[in-house]
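Below you'll find the structure, written out as structure tokens, and then a few comments.
The values are calculated or read from the model by the stated rules, or taken from the named source; none is laboratory data. Nothing here was measured: the structure is a model prediction, and the numbers come from that model. Ideal geometry is used to build each Cβ from the backbone, glycine not excepted, and the neighbour counts take in all protein chains shown. Remember, those area values only see protein heavy atoms, side chains included, never the ligands or the DNA or RNA. Shrake-Rupley method; radii C 1.70, N 1.55, O 1.52, S 1.80 Å.
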Amino acid sequence: TMSNTPDIGSQENLLYGVGVEFAHPEETGGQVIIKSLTTGYSAQRSGQVQPGDELVEVDGQEVQCDIARARVLILGRQGTFATVVVCRADGNNLRSRRVMLMRGCADYIQMYERLSLLEQENAELATQQPPA
């Protein structure tokens, strides 16, 4: 399984994930299957990653049915992004989707989203004409 708590180290060297926990390889035939999502983290907030999805690729690198490799590829500095490819069975078809997820804890993700909204509102206000 993948821990959602940061690795121990100095503040700038902390590593964060995207809020996914993997099923044990013995349960999945070796595939890297997402078992659960952590509330508030980017995987859950995106709405595009679901339990049962297979993680195939992170930042253009195949995970090769290796949970340890997947974990190393996903973990990174808070505020950076991981582009993941997940596959999901849809009837008889296998659908894959590419999703960009921010690494970081739930509070950080929420703060970043609020900041983005404020920046959008600020830009809109700056373009409005003052009343005559």
For this session: Determine the sum of side-chain charges near GLN48: Lys and Arg each +1, Asp and Glu each -1, restricted to other residues whose C-beta is under 13 angstrom from that of GLN48.
Result: +4
Seminar exercise, completed: Here the relative contact order (percent) of the chain, from C-alpha pairs under 8 Å and at least 6 apart, is 22
Problem set entry | Coordinate range along principal axes, alpha carbons of segment 76-132, Å, largest first | 62, 29, 14
Exercise. Simple spin-label model, 7 Å along Cα-to-Cβ: THR83 to LEU117 in nm?
Worked result: 2.8
Exercise. Accessible area per residue of the chain at 1.4 Å probe, in Å²?
Worked result: 63
Exercise. Out of every Cα-Cα pair in the chain, what percent are more than 20 Å apart?
Worked result: 49
Seminar exercise, completed: Counting only protein heavy atoms with a 1.4 Å probe and every protein chain in place, the carbon and sulfur fraction of the accessible surface of the chain in whole percent equals 49
Exercise. Around PRO25, what is the net charge, scoring Lys/Arg as +1 and Asp/Glu as -1 over all other residues with Cβ under 15 Å from its Cβ?
Worked result: -2
Exercise. Sorted by average packing, counted as other Cβ atoms within 10 angstrom per residue and highest first, what order do 64-76, 14-26 take?
Worked result: 14-26, 64-76
